[in-house]
Amino acid sequence: MVTEEMKFSWKYAASGIVIIAICAGAVVWQTNKVRASRSLTKDVETYKLKAQNGDPIAEEKLGSLYDHGLGVPQDYSEALRLYSKSAEQGNTRAQYAIGAMYELGHGVQQDYAEALHWYQEAADHGEADAQSSIGSMYYYGRGVQQDQAQAYSWYHRAADQGLARAEYDLGFVYDHGRGVGRDPTQAYYWYRKAADQGYESAERALGFKGRFSSAWSLIAIAMLLGYGWVLKDAKLPSFSYRIWSIPAHILAALLGLVYVGMGVIRIFAIFHTVLAVNTYDFIGCLFLGLSISASFKGFSQPPGKAKLALGVAMVLLVGANSFVAAHRSLAPFSLVFRDLFSVDGLLAGIIVPTIASLWFLRARPTIHTAT
């Protein structure tokens, strides 16, 4: 039997563990920050010595540190001076960096034409970042007439050199049919190449990393508040309870909390295969479907209402799968169908208990007769 003293002990223990975890995390973070700072200080001194002797690579590297305020106070003027000296010697990275400063207006008046000039200078000598940036200027129409076919061409040139962000951009245009015909197979191919290099946007596009959604966050908060209200005065069932003996509203709240918890984990989790992502999403939405079913007392509905709910859910299930199969390529199956797995999980969570309840209602007279 759990006493009040035991409850308070568990509360204090849990609070202590959380505080220790936060403190340990802060120590690790601060330690890594100090190590990174010491490393940057050494880099600054090394680059300064080499830049004084006119080394174009050191000039560009030192300019980048001033540009981003790493190891030195941020100083766009000094960054531009160093980039310019390096660019005069033909350093394509410096030429690209100058273009970026003009495009973003960092330390200079924003000037898309000047940015394009420097990007073009670097791109003509094979600088992949510059080629990708030109692609973005054409894609969004910055300083040039918007031309998504040109954007596609430049993205492809950069992606062929293995630039991760260009590979992601190329996957995106194939995924959405911008400047080129929509092709899920190619979208998956380029997304995967970028994800293999650890490019976060590509990992999120494939579902390897969770996507933060403000809409989902608001829904999750509302669900937590609702479930908290349902459970605040409820006596939670012990492990000896059978699932059908738990009150429907408590069961719905518990299943819903599992869904919310899995959703929170999904934001921070990292998956290594698309199949793992789809399976996780299917299970999470399965719990949501079970929660919805329990919320409407799906385990004890009259046969007429239960059959209606079952029919609607099954029509939606078959319709959704048929529609996707008819309108999308099946080649990158696990990518194209990632959202369908969630829909299937949700509907399965409604269908399965409904079928179980109908079977139980039909079998119950037989059971009683046999008894």
Only helices (runs of 4 or more DSSP H) wholly contained in the stretch 47-132 count here; list those with 2 or more residues that are among the acidic types (Asp, Glu). 56-68, 76-88, 112-123
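Name the one entry in Gln95, Gln109 that is farther than 18 Å from Ala130 by Cβ and among the polar types (S, T, N, Q). Step through it out loud before you land on a result.
Working: Gln95 fails: farther than 18 Å from Ala130 by Cβ.
Result: Gln109 is the single residue among Gln95, Gln109 that is farther than 18 Å from Ala130 by Cβ and among the polar types (S, T, N, Q).
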Enumerate the pairs (first residue in the stretch 64-89 and within 18 Å of Trp118 (Cα to Cα); second residue anywhere and not in a helix (DSSP H, G or I)) with beta-carbon separation below 6 Å, excluding pairs fewer than 6 apart on the same chain, so at least 6 apart or on different chains. Tyr76/His106; Tyr76/Gly107; Ser77/Gly107; Leu80/Gly107
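Hey, among Leu286, Leu251, Leu255, Leu275, which residue is part of a helix (DSSP H, G or I), outside the structural domain of Arg192 (by TED's automatic domain parsing) and at pLDDT 80 or above?
Leu286
Let's see how each residue does on (1) surrounded by 12 or more Cβ atoms within 10 Å (Cβ to Cβ); (2) under 29 Å from Gln150 (Cβ atoms); (3) at pLDDT below 90; (4) touching a strand residue (DSSP E or B) at 6+ places or on another chain (Cβ under 7 Å):
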{"position": "Val28", "(1), (2), (3), (4)": "no, no, yes, no"}
{"position": "Thr31", "(1), (2), (3), (4)": "no, no, yes, no"}
{"position": "Tyr66", "(1), (2), (3), (4)": "yes, no, no, no"}
{"position": "Leu70", "(1), (2), (3), (4)": "yes, no, yes, no"}
{"position": "Arg81", "(1), (2), (3), (4)": "yes, no, no, no"}
{"position": "Ser86", "(1), (2), (3), (4)": "yes, yes, no, no"}
{"position": "Gln109", "(1), (2), (3), (4)": "no, yes, no, no"}
{"position": "Tyr112", "(1), (2), (3), (4)": "yes, yes, no, no"}
{"position": "Asp124", "(1), (2), (3), (4)": "yes, yes, no, no"}
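The values are calculated or read from the model by the stated rules, or taken from the named source; none is laboratory data. All values reported here derive from a predicted model rather than from experimental measurement. As a convention, Cβ positions derive from the backbone with ideal geometry for all residues, glycine included, and neighbour counts pool all protein chains shown.
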